[in-house]
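Report on one structure; see the data block that follows.
What follows is calculated from the coordinates using simple rules that are stated; it is not laboratory data. Keep in mind that what you see is a predicted model, and the values were worked out from it rather than measured. Methodologically, a virtual Cβ is constructed for each residue, glycine included, from the backbone with ideal geometry; neighbour enumeration extends over all protein chains shown.
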Amino acid sequence: MTPRRRTPEPYLWLLFTGGGVVAALVLPVVVLLFGVLMPLGVVDWPDAAHLRALAGHGLVRIALAVVVVLCLFHAAHRLRFTSEELLGIGRFDRLIAVVCYGGALAGSIVAVRMMTYMS
Amino acid sequence: MTREMTGGMTGDTRADAYRPRRDRLWFTRSRGYTVFVLRELTSVFVAWSIVFLLMLVDAVLGGSLPEFAALAARPWMIALNVVALAATVFHAVTFLNLAPKATVVRLDGRRVPAWMIQGGNHTAWALVSLLIAYVVLRS
């Protein structure tokens, strides 16, 4: 029996799936409220103090960090394969993977720092 | 995900191997391919939505919510977010519908039908959306 080579692919697919579910459940309503309805004046912007209190809540911060990290890795994983298929650059998979997951990692660090920073 | 669709990426290294020319516009050749690519491209807007969310949180924590609101109200920003809304909804519908294909759930030896899993997913989507809207908008 030949020893199986260890590969990070299953974990990347797991992050992709988890991120896909979180993105599906959370993002449409966030974009609808803050990106469309409030800017158009259909719904009033909430009180700044109310949003501040909300963002200061521990559970909300943990949820935000989880949402950001999972969604970024979901997007990175999909972008990796989309760019390779669309542009025919699959031979550069290693480099593309590093750029995609590296970007997701950088965004995750920014988000986690933001959520752990006490204000 | 589906490398076999694009062709020409097999590991055959023989010099005399036949390599068909790559079709650069393969995604325009059938409706199925086009929808597939559109669905994959929703990831760009998932990433944008996260950037937008982080900008919002930063503005809330930093006390610059009015400036953020002014930026969000610019016509190009609203246009961008309308596209992002369409993309994230498209992602949500297709991704939640995919679940029964990825996992087979058996209860009492019978396979739980796809519509039940999909219905459960869409119910969860509606509940989470309502919860978020309630928490954000209650005053």
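Starting at the first residue of the stretch B:95-110, write each ³J(HN,Hα) from the Karplus equation 6.51 cos²θ - 1.76 cosθ + 1.60 with θ = phi - 60°, in whole Hz, x for Gly and Pro.
Computed from phi, the couplings for the stretch B:95-110 are 5, 5, 6, 6, 3, x, 7, 7, 10, 9, 9, 10, 10, 6, x, 9 Hz.
Starting from the Cα coordinates of chain B, work out the convex hull volume and express it per residue in Å³. Walk me through the numbers before you get to the answer.
Working: hull volume 30.0 nm³, N = 139.
Hull volume normalised by residue count: 216 Å³.
For B:132, B:78, A:62, B:50, which order do you get if you count the other beta carbons within 10 Å of each Cβ and list the fewest first?
On the way: B:132 18, B:78 15, A:62 12, B:50 26.
If I rank by nearby Cβ atoms, fewest first, I get A:62, B:78, B:132, B:50.
Restricting attention to the alpha-carbon atoms of the stretch A:11-116, what are Rg (one decimal) and Dmax (integer), both in Å?
Both quantities, over Cα of the stretch A:11-116: 16.6, 51 Å.
Mind sorting A:50, A:74 by how few other Cβ atoms lie within 10 Å of their own Cβ, fewest first? Present the calculation step by step, with values, prior to reporting the outcome.
Details: A:50 16, A:74 27.
In increasing order of surrounding Cβ atoms, one gets A:50, A:74.
What dipole magnitude, in Debye to the nearest 20, does chain B give about its Cα centre under +1 on Lys/Arg Cβ and -1 on Asp/Glu Cβ?
Magnitude of the dipole: close to 560 debye.
Ordered by residue, what ³J(HN,Hα) values in Hz, to whole numbers, does the stretch B:58-70 give under the Karplus form 6.51 cos²θ - 1.76 cosθ + 1.60, where θ = phi - 60° and Gly and Pro are x?
Computed from phi, the couplings for the stretch B:58-70 are 4, 5, 5, 6, x, x, 10, 4, x, 5, 5, 4, 5 Hz.
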